[in-house]
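S.K.: Quick one: this structure, given as structure tokens, is what I'll be asking you about.
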Amino acid sequence: MGEYGVGQSVLREEDPYLLRGAGRYVDDVTQVGLKRGYVLRSPHAHARIRAIDVAAARAMPGVALVLAGNDPAVTALGTQKPNQPRKRAGGAPAFACPELALARDTVRFIGEPVAFVVAETLHQAKDAAEAIAVDYEMLPAVATLEEATKRGAHAVYDKCPDNVAFIHEAGNKAAADAAIAQAVHVIKHRMRINRLTTNAMEPRGALAEYDTRDQRLTLRVTAQGPHQFRRFLAADVFRVPETQIRVIADNVGGGFGMKGGLYPEYILCCLAAKLAGAPVKWVGERSESLLCDEHCRDNITEAELGLDAHGKFVGFRARTLANIGAYYHADRSAGPPTNNVGVLAGTYVIPAAHVEVNGVLTNTMLTGPYRGAGRPEAAYVLETLVDLAARELKIDPAELRRRNMIPAAAMPYKTALVYTYDCGDFGKNLEDCLALADYAGFARRRAASEKQGKLRGLGIASTVEASNAGLIEHAEIRFDPSGTLTVFVGTHDHGQGHQTTFRQIIAEKFGVDPARIAFRFGDTDQIMIGTGTFGSRSTACAGTAMLMAADKIIAKGTKIAAHMLEAGEHDIEFRNGKFAVTGTDKAVDLASVARDAFVPAKLPKGVEPGFYETGTFDGGQRTYPNGCHISEVEIDEESGEVALVRYTAVDDVGHMINPMLVEGQLHGGVAMGVGQALLENMVYDGSGQVVSGSFMDYAMPRANDFCDFKLGENEVPTKTNPLGVKGAGESGTVGALASLMNAINHAMAEIGGEYIQMPATPEKVWQAIKKARKP
């Protein structure tokens, strides 16, 4: 397909209109009679609501509606619940605790919604919210994992005195215990994985409208999966048929997992639109986003790696405390620390392994998926232990990894933790990345840094992750009588470049000019079903669904073309956009077949008019993107400042549809990993108050925090989907977190410094250097 085919670095088609300000985000849309919503939030991390008085607020100018948690319309709402069965210690069911749209009796984190005000203007709504009187009785709060799990800790819920909502296990405990007990060397380490928040460029927002004639709700919302939102709203919250709800997600300014959840504000907009008889819009402000967008990560992991006398890995075990926040009300909080524990097996032969994850309740905002969703954390844990083992055994870190790498010839390979890798060449990733990073020249570069009064460190991460699978995805291809076509998909494009990538797939499949292909997504009235975009699944799942629909189009087109060419169907072949009679120059193009498909008189007997087909994919099997990432840092001993000076990666994401977009995804992923390792940190004090509640306190990475990235690729196409793709959205973060922290701690180890936990802030590093240099 020339310069637009699969495998070509086609420029993103979405960028020009977005850069011109022609995008359509939630706050760009207005409606006749639109009213604005504002949320009154709890100033306390844990308190009992003794009384709430909204009378004065309801009398304020411009106010149309004020809702509190005990209003009948609010109490009638349903709630989400976890669907994945989980257990507590001893086998009892997990402690599920629903999150209400508005707190009723108790608030359990700073920023929890207490009342919702709807007024003619946002300022009127804010003024009215200030008139609401809430009588709180303060209760003890636990904001950190250490506080929540210590003996005698205050309980977030009386019925869950130990604050552990569930325990999840994977692997073989007896085998892992035995392997560790018999190991010649055991490396044990405790790692604190810091809490983050997404800080998407577009804040969360919603605009709801209720049609009284059809008794139908339309919700425009910042969503990564509109069909999932529709299902949750219909089945769990309002208990109505899905046909009574339409969800639209046009352009969304950054999701990264955080915008996959159905938040209370969205539900409140829907309810308020129905009660007020007018469209209602709520758009979060940055201060609200920092408090009340899902947070992420926030784990403590104690892990052990056993090795024999020759440096071969013999066993691994880990116990993780995962902070899930104040409510275990859906599967989102439990997902990251449990769904991806298989990543802890890494790219290595580890005969025995066991993992235990404890979901811990605290008086903090809920945690949920964030780019990588458990994969970066797991890779960080394992790769940290590998580096520590290399130092203790005095083996080169690359050599230790080489010695334990799963060989390509062993594929498919069943690990000791959940996953069976179908394909991959992990050893080639390592060797290619070492060469690209000039690993052999590191000693020379370190000597040069020392002359400048700086420490230098190098960190390696050899990682493998898993994409999401087993979730339905749908596509529809519609030709119109002019011969042009529209592709509809159930995944959502919020920055990934689907419009470009999916057009490439269809343009090559059909051999048509991409300008004749329109692309639609994000509207549950236009696309029948879908799941959404997350977990590096979109191209594998939506791409496969598109090919299923395309094959049906070609099959029908073959019948019509045979009739047009007066030939037998078995003599027709489709190639380069044309149906041709084999061995002749007789052919007809796809557009002509499409046009005839809408003229009954021109169709063969028994062929239904029209030219449109659907494909529904069951989600298939997991794919396993993998790679090797190498970071190099310089540390200024005088200030403790860490500078990322070299970054190299070789990744296998399967067959690359658009290599340039793959690189863009890797760049973004690396940036998020670097941000966590060096800067970002969501901090609560002892009373549960948020300390890092603005960009004055929450440090976001900037362009000068990065160096140029040197990227290579090692394409090993998977056979689990027809495109051979594995997913690329999260690989950068998975590799960056581990490699960068290994580089920092490699530099610190050279001076006998203590291990630096994330984030490696200048103050923390400076203190460690000062301690290590102390006579």
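The values are calculated or read from the model by the stated rules, or taken from the named source; none is laboratory data. Remember, predicted model here, so these are calculated numbers, not experimental data. Backbone-built Cβ (ideal geometry, glycine too); neighbour counts: all protein chains shown. Heavy atoms of the whole protein, side chains included, go into the accessibility calculation; ligands, DNA and RNA do not. Shrake-Rupley method; radii C 1.70, N 1.55, O 1.52, S 1.80 Å.
S.K.: Would you mind computing, in nm to one decimal, how far apart the modelled labels at Asp685 and Asp331 are, each placed 7 Å from Cα along Cα→Cβ?
M.R.: Reported label-point gap for Asp685 and Asp331 is 4.0 nm.
S.K.: Next question. Would you kindly give the portion of the calculated P(r) for the range 172-227 that falls above 14 Å, as a percent of all Cα pairs?
M.R.: Details: 1173 of 1540 pairs.
Roughly 76 percent, once rounded to a whole number.
S.K.: Rank by packing, highest mean first: peptides 92-101, 74-83, 149-158, 118-127, with packing defined as the count of other Cβ atoms within 10 Å averaged across residues.
M.R.: In decreasing order of mean packing, 92-101, 74-83, 149-158, 118-127 become 118-127, 92-101, 74-83, 149-158.
S.K.: I've got another one for you. Show which lysines lie in cross-link reach of Lys281 when reach means a straight Cα distance below 16 angstrom and same-chain residues fewer than eight apart are skipped.
M.R.: Lys35, Lys126
S.K.: Between beta-carbons, use under 11 Å as the cut-off and find the net charge around Ser592, counting Lys and Arg +1, Asp and Glu -1. It would help to have the intermediate numbers written out before the result.
M.R.: Numbers: positive: Lys578, Arg595, Lys602; negative: Asp589, Asp596.
Result for the local shell: +1.
S.K.: Roll a 1.4 Å probe over the protein chains and send me the accessible area per residue for the chain in Å².
M.R.: So the chain comes to 38 Å² accessible per residue, rounded to a whole number.
S.K.: I've got another one for you. With a 4.7 Å Cβ cut-off, tell me which Cys residues in the chain come up empty for a partner.
M.R.: Cys97, Cys160, Cys269, Cys270, Cys292, Cys296, Cys423, Cys541, Cys707
S.K.: Using the Karplus curve 6.51 cos²θ - 1.76 cosθ + 1.60 with θ = phi - 60°, what ³J(HN,Hα) values do you get for each residue of the range 299-304, in whole Hz, with x for Gly and Pro?
M.R.: 10, 10, 10, 10, 10, 9
S.K.: Helix check for the chain. Which DSSP H runs span at least 20 Å along their own axis by Cα, with a mean Kyte-Doolittle hydropathy no less than 0.5?
M.R.: 538-565, 659-678, 731-749
S.K.: If you don't mind, there's one more thing I want to ask. Could you check how much of the accessible area of the range 455-556 is carbon and sulfur, as a whole percent, using a 1.4 Å probe?
M.R.: Result for the range 455-556: 52 percent of the exposed heavy-atom area is carbon or sulfur.
S.K.: So, by mean Cβ neighbours within 10 angstrom, what's the order for 661-673, 434-446 with the highest one leading?
M.R.: Ranking the peptides 661-673, 434-446 by packing returns 661-673, 434-446.
S.K.: Just flag the GluC sites (Glu not before Pro) in the range 270-370 sitting in loop per DSSP whose Cβ has no more than 14 other Cβ atoms within 10 Å.
M.R.: When the GluC sites (Glu not before Pro) of the range 270-370 are filtered for loop state and at most 14 Cβ neighbours within 10 Å, Glu285 remain.
S.K.: What is the list of residues in the range 634-651 whose amide nitrogen lies under 17 Å from a point 7 angstrom out from the Cα of Arg702, following Cα to Cβ?
M.R.: Correct set: 641-644.
S.K.: Is it possible to state the helix-based mean residue ellipticity at 222 nm for the chain, with each DSSP H run of 4+ residues giving -39500 (n - 2.57), the sum divided by total residues, to the nearest 500 deg cm²/dmol? What is it? Mind dumping the intermediate values first?
M.R.: Details: 20 runs with 217 residues, N = 775.
Helix-only estimate at 222 nm: -8500 deg cm²/dmol.
S.K.: What ranking, highest mean first, results for peptides 221-231, 543-553 when packing means the other Cβ atoms within 10 Å averaged over each residue?
M.R.: Numbers: 221-231: 24.9, 543-553: 22.0.
Going from most to least packed, we get 221-231, 543-553.
S.K.: Among Lys428/Lys451; Lys173/Lys414; Lys578/Lys719, which pairs are too far apart, with a Cα-Cα distance over 24 Å?
M.R.: Details: Lys428/Lys451 34 Å; Lys173/Lys414 17 Å; Lys578/Lys719 28 Å.
Listed pairs above 24 Å: Lys428/Lys451; Lys578/Lys719.
S.K.: Take the chain, compute every pairwise Cα distance, and split them into 10 Å bins from 0; I just need the percent in each bin.
M.R.: Here the calculated profile for the chain is 3, 13, 22, 24, 19, 12, 6, 2, 0, 0.
S.K.: Whenever you get a sec, compute what percent of the accessible area on the range 109-196 sits on carbon and sulfur atoms (1.4 Å probe).
M.R.: With neighbouring chains kept in place, the figure for the range 109-196 is 51 percent.
S.K.: I would also like to ask the following. Can you spot the aspartates and glutamates whose alpha carbon is less than 18 Å from Lys274's alpha carbon? Ignore those fewer than 8 places along the same chain.
M.R.: Asp71, Glu120, Glu209, Asp211, Asp214, Asp236, Glu242, Glu265
S.K.: Return one quarter of the surface area of the convex hull spanned by the alpha-carbon atoms of the range 5-113, equal to its mean projected area, in nm². Before the final figure, lay out each step's value.
M.R.: Working: hull surface 59.6 nm².
Spelled out: convex hull of the Cα atoms, projected over all directions, averaged, 14.9 nm².
S.K.: I would also like to ask the following. Note down the net charge around Val642, summing +1 for each Lys or Arg and -1 for each Asp or Glu among other residues with Cβ under 12 Å from its Cβ.
M.R.: On the way: positive: Lys454, Arg456, Lys764; negative: Glu632, Glu634, Asp636, Glu637, Glu641, Asp705, Glu763.
Here the charged neighbours net out to -4.
S.K.: Related question: How much of the calculated P(r) for the range 318-401 lies past 17 Å, in percent of all Cα pairs?
M.R.: Of all Cα-Cα pairs in the range 318-401, 53 percent lie more than 17 Å apart.
S.K.: Let me ask something additional. If you roll a 1.4 Å probe over the range 703-764 with all protein chains in place, what percent of the accessible area is carbon or sulfur?
M.R.: Looking at the range 703-764 in its full context, I get 46 percent from C and S.
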